[in-house]
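Scroll down for the structure; my scribbles are underneath it.
Any read-out appearing in this document is the output of simple, stated calculations on the displayed coordinates, not a laboratory observation. From a predicted model like this one, the values you see are computed outputs, not experimental measurements. Glycine also receives a Cβ, built like all others from the backbone with ideal geometry; neighbour counts cover every protein chain displayed.
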Amino acid sequence: AQKITQTQPGMFVQEKEAVTLDCTYDTSDQSYGLFWYKQPSSGEMIFLIYQGSYDEQNATEGRYSLNFQKARKSANLVISASQLGDSAMYFCAMRYNQGGKLIFGQGTELSVKP
Amino acid sequence: EAGVAQSPRYKIIEKRQSVAFWCNPISGHATLYWYQQILGQGPKLLIQFQNNGVVDDSQLPKDRFSAERLKGVDSTLKIQPAKLEDSAVYLCASSLVLANYNEQFFGPGTRLTVL
């Protein structure tokens, strides 16, 4: 069965430092997509970055990059130069079966310290 | 481009009462999703529509939850009767096409409290 695991319930990082949020996944499908979403206290889910299972290059979007290691089934999010506004819940998610539902992990709460 | 709209934003009801949520997806988006997010957990899919047909409702508690998407645009999710464990945020999302790469855009959610 498809599953997403985020093992860090909470993380702290100093402002301007980089932080890595861990995500591992389990699927027998060859074609799938991996997503990271940010959920501030306001509750809205904000899309950050996407990685396709056939993409050879790691995805990057501004300060966000995805460290994709297919053999290890991991898709860690790296946030460079953390900002106070990065404090939020972060969810890793997977989509498979050509556009089916997103399977979410439990989330990691990131707190950025000034 | 307008985002996914949901209403109401907050709702408080007593157990055994009924409640309905409304969602208007991004214009042109054929696929619509309803997710339930219980506090401290990731969202869980309740039902997925492709136009006005149901694609996946395997995790919808059909004895009390119902959803419809008339004319393939707006959607309503209903709970009747509500239980204490239905307290959660109900998120609506939409995507343009049915594909793994396609991003889902989420609405602001409806926070339901059942007393």
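Which whole-Hz ³J(HN,Hα) couplings does segment B:32-47 yield from phi under the Karplus relation 6.51 cos²θ - 1.76 cosθ + 1.60, θ = phi - 60°, glycine and proline marked x?
So the Karplus estimates, Gly and Pro as x, are 10, 10, 10, 10, 10, 10, 7, 3, x, 10, x, x, 10, 5, 9, 7 Hz.
Within chain A, what is the number of lysine pairs with alpha carbons under 23 Å apart, leaving out pairs fewer than eight places apart on the same chain?
12
So what are the radius of gyration and Dmax for the Cα set of chain A, in Å?
Rg and Dmax of chain A, Cα atoms, are 13.5, 42 Å.
Please order B:Lys44, A:Lys101, B:Lys15 by the number of other Cβ within 10 Å, starting at the fewest. Don't skip to the answer; put the middle values down first.
Numbers: B:Lys44 16, A:Lys101 25, B:Lys15 13.
In order of increasing Cβ crowding within 10 Å: B:Lys15, B:Lys44, A:Lys101.
Can you give the Rg/Rh ratio of chain B, where Rg is from the C-alpha atoms and Rh is the Kirkwood radius? Numbers along the way, then the final one.
Values: Rg = 13.4 Å, Rh = 14.1 Å.
Dividing the radius of gyration by the Kirkwood radius yields 0.95.
Per-residue HN-Hα couplings for segment A:47-52, Karplus 6.51 cos²θ - 1.76 cosθ + 1.60 at θ = phi - 60°, whole Hz, x for Gly and Pro?
Running phi through 6.51 cos²θ - 1.76 cosθ + 1.60 with θ = phi - 60° gives 5, 10, 7, 10, 9, x Hz.
For the residues A:Met94, A:Met45, A:Met11, what sequence is obtained by ranking on other C-beta atoms within 10 Å, fewest first?
Result, fewest neighbours first: A:Met11, A:Met94, A:Met45.
Roughly speaking, what is the centre-to-centre gap between segment A:34-109 and segment B:58-106 when only Cα atoms are used, to the nearest Å?
22 Å
Of the lysine pairs in chain B, how many meet both conditions: Cα atoms under 17 Å apart, and a spacing of 8 or more in sequence or different chains?
Details: B:Lys11/B:Lys78; B:Lys11/B:Lys83; B:Lys15/B:Lys78; B:Lys15/B:Lys83; B:Lys44/B:Lys62; B:Lys44/B:Lys78; B:Lys62/B:Lys78; B:Lys62/B:Lys83.
The number of close lysine pairs in chain B is 8.
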